[in-house]
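Have a look at the structure below before the remarks.
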Amino acid sequence: MAARADANIGSPVEIRGLTKRYGTHYALRDIDLIVERGELFSLLGSSGCGKTTLLRSLAGFVRPDEGSILIGGRDVTRLAPYERPVNMMFQSYALFPHLTVEGNIAFGLRRDRLARPEIARRVDEALELIRMSDLRRRMPQQLSGGQRQRVALARAVVKRPQVLLLDEPLSALDRKLRESTRMELVAIQEQIGITFVLVTHDQDEALTMSSRIAVMSEGRIVQIGTPTEIYDKPRNRFVADFIGSVNLFEGVVASISAGIATVECATLSARLQAADRGFAVGDKVALAVRPERMTISPPEPAAPSSGCFAGIVSHHSFAGDRHLYRVALEGGAVVQVAQLSAGTDGRAFPRGEAVEVSWDPASNVLVGP
Amino acid sequence: MRWGTLFRLPRDRRSVVIALVLGWYVIFFMIPFFLVLKISLSRLSDMIPPYAPMFTFDGMRLAITLTFENFSQLLSDPIFVLSYLGSLQTAAITTIFCILLGYPLAYAVAAARPSARPSLLLLMTIPFWTSFLIRIYAWIGILKDNGLLNNLLIWLGVIAHPLRIMNTSTSIYIGMVYCYLPFFVLPLYAVLEKMDWSLLEAASDLGWRPFRAFWAITVPLSLPGVAAGALLVFVPATGEYLIPRILGGAVNLMIAPVLWDSFFVARDWPIASAATVALVLLLLLPLAFVERARSAAAEARA
């Protein structure tokens, strides 16, 4: 693995101006992307956003119309899948039903002109990695979903690719298994040190596993960043709305001074401030505030202080670790508020109760359209 | 209404289906087979029917007369032995050509756009709309000395004198492959059509070129379809009567015309019946072999 990786200078993945059209529909529009060595990089988006097309063009199954793809500094845009130093783990796993676990894992090595003992050694290694040495003679249809997933992973990493591509690797597993497998996948990635590029529509999966995320929509990358950047500093309304839940307050920039923008929010009948992100006075913007950044409290008899909004609880649900409220504010806006259950002594605000909602102005994030 | 209630009873449904199949099998196979078996164990006679009764009752005792003479005569008569071997050989060669021609055909249909597949399958079944006999006769017009094929080849300058194709083993093979090809293609297509094409992508991803991946993945996975198709060709091809009669002329490669002559020309029903029984037993062999291979494969998987 080391020899092959060191021989190449440059990022494991570098994509320049990649475009793919199907008829008049753009599956990918001018994608630029660099993935660094050892990253677990996620392509996140809803179905039809182009994330799978992008992954499949990295594997070589999709021929782009424009742009180029470099793997480890080498241009592979015109290479066939079998000529590329990448391997893919398929969403359906695509295990060969007529081969044993061992046969499936050895399949890719058989074409590499390796000596038999070397193949056997590497298959053993891979079986150990996925802890399935005792099931090596089983056929794929005799395995559970989780075991199949691990065989698919072993079959792809045993070739020691420069990049491992994973197409919705956890989507075929049930919820419980999916969550434990996330951590396992991250652990395996750290152990073998191969760069992972993973496609998912599941934001939790992307947030918990990735070193960086590219959020995609309509064939474009909308934002690239670490999970915290994506979550706390969404670039626009789409990202803010797509990742987690968010309260969006429409408004117009009233003034900007010292990097702080003041926004006139009609629905709140208030002026709120947030760090400016390159907007101009008069721009239509939105203020994004995460539900868990908001505090819900009993109404103060005294006149409400600024940054405090009175309202009525219109909906309440209990999600175990937290209470979720929907509060109709006096200005007409409806906000979602999440409150950790710890510290509430089991008390909650019932529907119809008058409450006050407040939040730290530092939680306001200015997003564009 | 009665059928409705019948099929609504889940416990009875299975036995009804099994009884129907079993009944069909007993009436149309077992009873005729035992009638033929009985004749094959009887002596030839000049009466009508042309064989001596097996059971005779003289008012006091029941006498059963059995003879295995017909079977031993079968083995000693070279025409039967040779035409048996000829049938097996013709059926085997037909099957091989059906595999060589039919596999690419079935693959092409299975790999075609889903919207194009029904029309391609239709093209393959259109010849069945014409009578089998007429289609075989049509081949005479193509294969005879001044037929379409020879005239075309002479016109193209490929040959100077007409090729002798009609009434040779070649014309029999051509007719056989032509007739039985769809029986090979359809079951194979059914298997290929269900194949998961992402397996070929996976093979490509793992470094296998398309042609090698085809041999390593597609071929082994389609073997059940090849076996089913080969069986559907081989078994009826062994007993084929019309094609060797019409396209083979005096060339006698196969058992079925010999059987016909024994029954209706020589009127030796006992020996013809013995030959029929032997043919059935002969055909059970490849069936049993395939069935054993399949159950062994199923066991290995379980």
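Bear in mind these aren't lab numbers, they're just calculated from the coordinates by the rules spelled out. What you see is a predicted model, and the numbers here were worked out from it, not measured in a lab. Neighbour counts are summed over all protein chains in view; Cβ atoms, including those assigned to glycine, are modelled from backbone coordinates with ideal geometry.
Annotations for the structure displayed:
- Summing charges over all other residues whose Cβ lies under 11 Å from the Cβ of A:ARG155, with Lys and Arg as +1 and Asp and Glu as -1, gives +1.
- Simple rule: put +1 on each Lys or Arg Cβ and -1 on each Asp or Glu Cβ in the range A:118-260, find the dipole, and look at A:SER180, A:LEU248, A:LEU143; the Cα lying farthest toward the positive end is A:LEU143.
- Shape call, the range A:74-180: gyration tensor on alpha carbons, a/c limit 1.5: oblate
- Relative contact order (%) - chain A, alpha-carbon pairs under 8 angstrom, separation at least six: 15 percent
- Neighbourhood net charge (15 Å Cβ-Cβ; Lys/Arg +1, Asp/Glu -1) for B:THR168: +2
- Mean residue ellipticity, 222 nm, helices only, chain A: the sum of -39500 (n - 2.57) across DSSP H runs of n ≥ 4, divided by residue count and rounded to 500, is -6500 deg cm²/dmol.
- Put the Cα centre of the range A:195-225 next to the Cα centre of the range A:283-333 and the gap is 30 Å.
- One way to sum up the overall shape of the range A:242-305 is the equivalent ellipsoid from its Cα gyration tensor, whose semi-axes run 23, 16, 11 Å, largest first.
- Paramagnetic label zone (point 7 Å from Cα along Cα-to-C-beta, A:LEU177; backbone N under 20 Å) in the range A:124-142: A:127-142
- Prolate/oblate/rounded call for the range B:242-302, Cα gyration tensor, a/c under 1.5 rounded: oblate
- Between B:SER72 and A:HIS25, the simple spin-label model (points 7 angstrom out along Cα→Cβ) gives 7.9 nm.
- P(r) weight above 32 Å for chain A, C-alpha pairs, percent: 46 percent
- Against the rule of thumb 2.2 N^0.38 Å, how large the Cα Rg of the range A:245-367 comes out: 1.10
- For the range B:90-211, the spherically averaged projection of the C-alpha convex hull amounts to 10.4 nm².
- Placing pseudo-labels 7 Å out from each Cα toward the beta carbon at B:PHE214 and B:VAL16 gives an inter-label distance of 4.8 nm.
- Averaged over the residues of peptide A:92-98, the number of Cβ atoms from other protein chains lying within 10 Å of each residue's Cβ is 6.
- For chain B, the extents of the C-alpha atoms along the principal axes are 83, 69, 42 Å, listed from largest to smallest.
- For chain B, the residue among B:ALA19, B:ILE99, B:VAL177 whose Cα projects farthest onto the positive side of the dipole built from Cβ charges is B:ALA19.
- Shielding by partners, peptide A:102-115 (average Cβ within 10 angstrom, other chains): 2
- Cα gyration tensor shape for the range B:174-302, rounded if a/c is under 1.5, else prolate or oblate: prolate
- Cβ-defined net charge surrounding B:LEU44, 13 Å radius [Lys, Arg +1; Asp, Glu -1]: -1
- Gain upon complete extension [B:ALA296, B:TYR241; 0.36 nm per residue less C-alpha separation]: 16.4 nm
- Ellipsoid equivalent to the protein assembly as shown - semi-axes via the Cα gyration tensor, in Å: 75, 32, 25
- Spherically averaged projected area in nm², based on the convex hull that wraps the Cα atoms of the range A:6-128: 9.5 nm²
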